[in-house]
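Quick note: the coordinates plus some simple rules give every number you see, no bench work behind them. Predicted, not measured: the structure shown is a model, and the values here were computed from it. Please note: Cβ atoms are built from the backbone with ideal geometry, for glycine as well, and neighbour counts cover all protein chains shown.
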Amino acid sequence: MVPRSCHLEGYDKRAIPTFQVSKQIIAYASPDSTFAVTKKLIDGAQTSILIGIYDFTAPYMEELLLAALARRVRVSLMLDIDSKTESDMFDRLVQMGVHGVSAPSCANPTVHVFSSSHEKVIVIDGEWVLVQSGNYSANSIPMNVEDGQATAHFRTGNRDTGLAIKSNELAKFFTDILESDMALVEAVPEMLRKPVDDDFFLVESAPKHMPAQLFPSQEFQLDGQLTIQPVLSPDNYMDVMPGLIAKARKSILIEQQYIRSSQPLVSKLLAAIAKAREAAPDLDVRIVLGKLFSKSDVVKETKNLENLAQEYGLKLADNIRYINTDQFVHCHNKMIVVDGNSVLVSSQNWSDAAVSKNREAGVWLTHPGIAEYFTRIFENDWASAFQALPAVAENEVMTPEALGEGGYIRVDRGDYEEV
């Protein structure tokens, strides 16, 4: 992976407004329904598709965009390119007419505004906005054509979540964000983009079971005005989220890839949880975290758990569990549900880079029905999650013969990299 510690150029933070929406919202999740929702909306595109995303390696998503181009839909893609697989796919799409821009991150050879361009935002026809935690990778958007259905061909994957919001005003806002980022790179000739070599690829043991319950997407027809607060990095995540978390009085339910509890800005987020617990001693705080990948991860996470327990009273099993990798590949989610009433769906991991140096995007809203949808997903994952620090096998080089025995899946580094 490309190092993410490059010197960053100056960025002027934006003032991020709220928006009133009154049409339709679709809540969805991976591995259950993300592909089905995405395919329906992309297949329905009539004029334009604009995508800003961190990782794009799923070939069937490439085919969806090529099919849209064939219908004369304008397709624009800003991609944080840091693998040969991505570079090759990006070039194929550009050759066929996609307006492609290498994101202004440390992966770009010349323009370094963000450490990572880690957002996952899709704008369709200037009307629909999809904001989600998942990449266009085989595990974050597995090709499950039937929406939340346990078919014979169902493929499990990462736990991720998303919201598709029908709103011209919100679509224009996110279009402006993405196009402004793309404009930072527009003047740089594409020939300056350096090829990236992949020396190896990664595999993991395939989950042995399907998730215990599948969650079809759910559509919500709004019967009035609903306030949407975009939550962006580096603009306003740390301005709005600590206060929203601290106001919790019943519950804080979190799914995160990881929590870097010793980092200063993440400590402020954890302090907001502690403040809420002081005001409401019976506050239900539960967190599901992602897969650990190496022995060194276990050592680091052991220290992290000690810090979470000592500094914030968050204890393994009672407050913190790890995604069940017998049912899921990974927890790639970045979701916060507060008081069973409000929810953040976003791309921000809990690291200082994610909340202050990356380009990230999410939305916060208060809607009991939508919050209840994501609460049910959380409760399902919590019930099956590991209550002890998971054991990790030694990393090893797999031979073609060993892979030929089956039981493995290919995984994308972009789904696991700490950013």
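By DSSP, the beta bridges lying fully in the chain are antiparallel in about 70 percent of cases. Among the listed pairs Lys84/Lys268; Lys172/Lys247; Lys84/Lys303; Lys39/Lys300; Lys23/Lys334; Lys172/Lys250, a Cα-Cα separation exceeding 27 Å is found for Lys84/Lys268; Lys172/Lys247; Lys84/Lys303; Lys39/Lys300; Lys172/Lys250.
Distant-in-sequence amide contacts of Lys120, defined by a placed amide H-H separation under 5 Å and a gap of 5 or more residues or a different chain, comprise Gln132, Ala361.
Couplings 3J(HN,Hα) for segment 143-155, derived from phi with the Karplus relation 6.51 cos²θ - 1.76 cosθ + 1.60 (θ = phi - 60°), are 7, 9, 5, 7, 5, x, 10, 7, 7, 5, 9, 4, 10 Hz, where x marks Gly and Pro.
Would you mind estimating how fast segment 19-205 diffuses translationally, via Stokes-Einstein at 10 °C and 1.306 mPa s with the Kirkwood radius over Cα pairs, in µm²/s? After rounding, the answer is 94 µm²/s.
Under a Gaussian network description of the chain, with springs only between Cα atoms under 10 Å, the residue in Asp239, Asp88, Asp12 that fluctuates furthest is Asp12.
3J(HN,Hα) couplings calculated from phi for segment 352-357 with the Karplus curve 6.51 cos²θ - 1.76 cosθ + 1.60 (θ = phi - 60°) are, in sequence order, 4, 4, 5, 8, 9, 10 Hz; Gly and Pro show x.
In nanometres, what is the gap between the two model label sites at Thr227 and Ala309, each 7 Å from Cα along Cα-to-Cβ? About 4.0 nm separates the two model spin labels. Here's the picture: charge each Lys and Arg Cβ at +1 and each Asp and Glu Cβ at -1 in the chain, and of Tyr322, Pro264, Pro242 the one pushed furthest to the positive end of that dipole is Pro242. For segment 223-397, the antiparallel share of DSSP beta bridges with both residues in that region comes to about 70%. Structure remark: mean-square fluctuation, Gaussian network model of the chain, C-alpha springs under 10 Å; the largest value among Ser105, Ser83, Ser262 belongs to Ser262. Each principal axis of the Cα cloud of segment 42-93 was evaluated for its coordinate range; sorted largest first, these ranges are 31, 17, 14 Å. All Cα-Cα distances of the chain, cut into 20 Å bins from zero to the largest, leave 28, 62, 11 percent in each bin in turn. Calculated mean residue ellipticity at 222 nm for the chain: -9000 deg cm²/dmol, from DSSP H runs with n ≥ 4 weighted as -39500 (n - 2.57), summed, divided by the residue count and rounded to 500. Comparing Met96, Met143, Met78 in a Gaussian network model of the chain where C-alpha atoms under 10 Å apart are linked, the largest mean-square fluctuation is found at Met96.
Electrostatic tally near Met61: other residues with Cβ closer than 15 Å to its Cβ, Lys and Arg +1, Asp and Glu -1, net -4. Please report the relative contact order for segment 19-205, taking Cα pairs under 8 Å with a sequence separation of at least 6, and give it as a percent rounded to a whole number. Answer for segment 19-205 is 31 percent. The mean of 1/r over all pairs of different alpha-carbon atoms in segment 223-397, once inverted, gives a Kirkwood hydrodynamic radius of 16.5 Å. Taking the Cα centre of the chain as reference, the dipole from Cβ charges on Lys and Arg (+1) and Asp and Glu (-1) amounts to some 780 debye. For Ser351, Ser296, the sequence from fewest to most other C-beta atoms within 10 Å is Ser296, Ser351. Using θ = phi - 60° in the Karplus curve 6.51 cos²θ - 1.76 cosθ + 1.60, the 3J(HN,Hα) couplings for segment 122-129 round to 10, 10, 10, 6, x, 10, 9, 10 Hz; x is entered for Gly and Pro.
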